[in-house]
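Shown next, in structure tokens, is the structure this report addresses.
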Amino acid sequence: MSEESYIELKSKPEEQRSLKEYLQVKIYEALDRYQREIESLRRENDELEEQSLALQHKCDRDQREVDAVKKLMKDREEDARRRIDAAERRNRELEVDLNRVNGQYRTLIDRGVT
């Protein structure tokens with residue numbers, strides 16, 4: 001039934017409507033409510049889909065940022081480990097040199113050369 005037919009039947013007093021017309025009006029009104037509810041739910045669904053998509057994009061962006069920070073941290077940890085290893089090697093070399101120089105110094109002292 002078209003909206004025009006509904007308006008025409010609805011404007012007719014109920015007692016002048018046939019049973020068929022009465023049912024057509026009631027069915028139109030019931031269907032109209034459902035159609036409005038369906039449309040409202042579709043709009044709500046569309047909004048939720050947009051929100052979901054926006055959140056997914058944000059999540060993807062955040063994950064890329066987290067991955068970049070993790071990589072940066074890993075690179076810095078590796079660099080720090082290399083520097084520590086180099087410093088420890090240099091420390092051992094200096095200890096060996098110090099022991100050698102101390103040994104030479106003691107030898108000189110034992111010989112009486114100062």
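Once label points are set 7 Å from the Cα along Cα→Cβ at both Asp85 and Ser5, what is their separation, rounded to one decimal in nm?
That separation, rounded to one decimal, is 8.6 nm.
About the Cα centre of the range 35-114, what is the dipole size in debye to 20, counting +1 per Lys and Arg Cβ and -1 per Asp and Glu Cβ, all else neutral? It would help to have the intermediate numbers written out before the result.
Details: 19 positive and 21 negative charges, 201 e Å.
Dipole magnitude for the range 35-114 comes out near 960 debye.
Determine how many Å³ per residue the convex hull of the Cα atoms of the range 1-60 encloses. Display every interim value, and only then the final one.
On the way: hull volume 4.5 nm³, N = 60.
Here the figure is 75 Å³ per residue.
For the chain, what mean projected area does the convex hull of the alpha carbons give, in nm²? Could the numbers behind the result be given before it?
Details: hull surface 55.0 nm².
Answer in nm², one decimal: 13.7.
Find out how many positive minus negative residues lie around Arg100, taking Lys and Arg as positive, Asp and Glu as negative, among other residues whose Cβ is under 12 Å from that of Arg100. Could you put the intermediate results ahead of the total?
Numbers: positive: Arg106; negative: Glu93, Glu95, Asp97.
Once all neighbours under 12 Å are counted, the net charge is -2.
Projected onto the charge dipole of the range 3-111 (+1 at Lys/Arg Cβ, -1 at Asp/Glu Cβ, origin at the Cα centre), which of Leu55, Ile27, Ala86 gives the Cα projection farthest towards the positive end?
Positive-end residue among those listed: Ala86.
From the helices alone, meaning DSSP H stretches of at least four residues, give me the mean residue ellipticity at 222 nm for the chain, per-run term -39500 (n - 2.57), in deg cm²/dmol to the nearest 500.
Values: 2 runs with 102 residues, N = 114.
Helices in the chain give a 222 nm mean residue ellipticity of -33500 deg cm²/dmol.
Note down the nm distance, to one decimal, between modelled labels 7 Å out along Cα→Cβ at Leu41 and at Glu65.
Each label point lies 7 Å from its Cα, and together they span 3.7 nm.
Per-residue HN-Hα couplings for the range 48-64, Karplus 6.51 cos²θ - 1.76 cosθ + 1.60 at θ = phi - 60°, whole Hz, x for Gly and Pro?
5, 5, 4, 4, 4, 5, 4, 5, 5, 4, 5, 4, 4, 4, 4, 5, 4
Every number in this text was worked out from the coordinates using simple rules, so none of it is lab data. Fair warning: this is a prediction, and the values are worked out from it, not measured in the lab. Ideal geometry is used to build each Cβ from the backbone, glycine not excepted, and the neighbour counts take in all protein chains shown.
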